[in-house]
Amino acid sequence: MIPVAGRHLLYVVRPGALTTVQDAGRPGHAHLGVGRAGALDAPAARLANRLVGNPPDAAVLETTLTGCAVRPDRPVVAVVGGAGCRVTVDGRPVAWGAPVRVPAGAVLDAGPAGTGLRSYLAFAGGLVPDPVLGSRSADLLSGLGPAPLSEGDELPLGEPASGGLPPHAGPVPWPGAPAELVLPVHPGPRDDWFTEAALRTLLTAAYRVSPHSNRIGLRTEGPPLERSRTEELPSEGMVLGAIQVPPDGRPVVFLNDHPTTGGYPVVGVVPERALAVAAQAVPGTRLRFVRA
């Protein structure tokens, strides 16, 4: 990224396994083939922004499992929340889940997740790379928005609303990572493409979160669902939370970077409000689907 004269920057020291810029996403463009993107654990991103005095939709960093390390070129107030992890500034431990001051040139390091999967780094003033269709979010499927972070990248920092630490009333409760993930399901629109036994299996069997899950979809390990119809299904629109069943029969729950169309049948839909906890479900987490 080419620096803009007079703009302050955040330098990437350690990008981690997968760190992306995310905000509230770009809803409303599915008719153009553009997905929503945005922070998978939206409540965690909003809380981190609130703690540094940002609007709830300000752009943050979303890490995956291994955290990341960054260095601002000006003093900045930051919060690391979401997945629990060790947080340091120039090697000195600082608070997780609460505002901390990061001096100019100091390295803020969010370590590997100890609980959960995705951490969120918010900075007073937010991150302000150029928006695409009204959002600064990276979309891994379409390639819109900033690319996933690499070592040496530079991200522009916005101007904070005030120079001091935002007021807050002591420790803030952050939701923990789920020991078991329970997802409510509204059946349809293609539940009639599956056998009655398959529908019972979906709502009674024990699944686990697959390590092949990503921002596009939460993949599952467990019993396959048998189809009652085997013909090809013409591609149709896909929504956030759709449970698509590919040829191997294992359900896939579509997350924020999902495709806007698909040709495999959707056996049910998980309501959006239930998806945030899925963002913190590590591979191997027990998973149950229940009727909404």
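The values are calculated or read from the model by the stated rules, or taken from the named source; none is laboratory data. Owing to the predicted nature of the structure, the values given are computational and were not obtained by experimental measurement. Using ideal geometry, Cβ is built from the backbone for each residue, glycine included, and neighbour counts are taken over all protein chains shown. Note: accessible area is taken over every heavy atom of the protein model, side chains too, but ligands, DNA and RNA are not part of it. Shrake-Rupley method; radii C 1.70, N 1.55, O 1.52, S 1.80 Å.
Let's see if you can work this out: charge +1 on each Lys and Arg Cβ, -1 on each Asp and Glu Cβ, no other charges. What is the dipole magnitude of the chain about its Cα centre, in debye to the nearest 20? Working shown, then result.
Values: 25 positive and 25 negative charges, 137 e Å.
That gives the chain a dipole magnitude of about 660 debye.
Search the structure for amide H atoms under 5 Å from the amide H of Cys85, placed 1.01 Å from N in the peptide plane, and list their residues when 5 or more places away or on another chain.
The list, which skips near neighbours in sequence, is Gly114.
If you roll a 1.4 Å probe over the chain with all protein chains in place, what percent of the accessible area is carbon or sulfur? Numbers along the way, then the final one.
Values: 7190 of 12810 Å².
Of the solvent-accessible surface of the chain, carbon and sulfur hold 56 percent.
Does anyone have the angle between helix 42-51 and the longest principal axis of the chain? Alpha-carbon axes, 0 to 90°, nearest 10?
Once rounded, one gets 20 degrees.
So if each residue of separation counts as 0.36 nm, and I subtract the Cα-Cα distance between Glu196 and Ala179, what length gain in nm does that give?
The span from Glu196 to Ala179 would gain 3.2 nm if fully extended.
Would you work out which of Val12, Thr64, Ala37 lies farthest towards the positive end of the dipole of the stretch 1-75? Charges go on Cβ: Lys and Arg +1, Asp and Glu -1.
Result: Val12, furthest along the dipole toward the positive end.
For the stretch 204-292, max minus min Cα coordinate along each principal axis, in Å, sorted largest first?
35, 26, 25
Tell me, in nm to one decimal, what length is gained between Ala161 and Glu226 on full extension, where the rule is 0.36 nm per residue of separation less the Cα-Cα distance?
On the way: separation 65, 0.36 × 65 = 23.40 nm, distance 5.52 nm.
Stretched out fully, the Ala161 to Glu226 stretch lengthens by 17.9 nm.
On average, how much accessible surface per residue is there in the chain, in Å², for a 1.4 Å probe, leaving out ligands, DNA and RNA? Show your work: numbers first, answer last.
On the way: 12810 Å² over 292 residues.
Value for the chain: 44 Å² per residue.
State the extension gain, in nm to one decimal, for the chain segment bounded by Arg7 and His31, taking 0.36 nm per residue of separation less the distance between their alpha-carbons.
Details: separation 24, 0.36 × 24 = 8.64 nm, distance 3.54 nm.
So the chain would gain 5.1 nm between Arg7 and His31.
What is the spin-label model distance, in nm, from Asp90 to Asp73 if the labels are put 7 Å beyond Cα along the C-beta direction?
It works out to 1.9 nm between the two label points.
So how strong a dipole does the stretch 1-154 carry about its Cα centre when Lys and Arg Cβ are +1 and Asp and Glu Cβ are -1, to the nearest 20 debye?
On the way: 13 positive and 12 negative charges, 67 e Å.
In total the dipole reaches around 320 debye.
What net charge is computed for the residues neighbouring Arg26, neighbours being all others with C-beta under 10 Å from the C-beta of Arg26, Lys and Arg scored +1, Asp and Glu -1?
On the way: positive: Arg36, Arg136; negative: Asp23, Asp139.
So the surrounding residues net to 0.
Taking the Cβ of Asp191 as the centre, find all other residues whose Cβ is under 13 Å away and add up their charges (Lys, Arg: +1; Asp, Glu: -1). Present the calculation step by step, with values, prior to reporting the outcome.
Working: positive: Arg190, Arg200, Arg227, Arg229, Arg291; negative: Asp192, Glu196, Glu226.
That sum, taken over residues with Cβ under 13 Å, equals +2.
For the stretch 1-85, with only Lys/Arg (+1) and Asp/Glu (-1) charged at the beta-carbon, what is the dipole magnitude about the Cα centre, in debye rounded to 20?
120 debye
Grab the eigenvalues of the alpha-carbon gyration tensor for the chain, scale each by 5, take roots, and send me the semi-axes largest first in whole angstrom. Write out the running numbers ahead of the final one.
Values: eigenvalues 276, 80, 44 Å².
In descending order the semi-axes read 37, 20, 15 Å.
Would you compute, for the Cα atoms of the stretch 173-220, the largest minus smallest coordinate along each principal axis and list the three values in descending order, in whole Å?
41, 21, 19
Label-point separation (nm) for Ala274 and Ser150, each offset 7 Å from Cα along Cα-to-Cβ?
For Ala274 paired with Ser150, the spin-label model returns 4.0 nm.
Compute the signed sum of charges (Lys and Arg +1, Asp and Glu -1) over the other residues within less than 13 Å, Cβ to Cβ, of Phe289. Don't jump to the answer; show the numbers that get you there.
Working: positive: Arg200, Arg208, Arg250, Arg286, Arg288, Arg291; negative: Glu180, Asp191.
Charge balance near Phe289 sits at +4.
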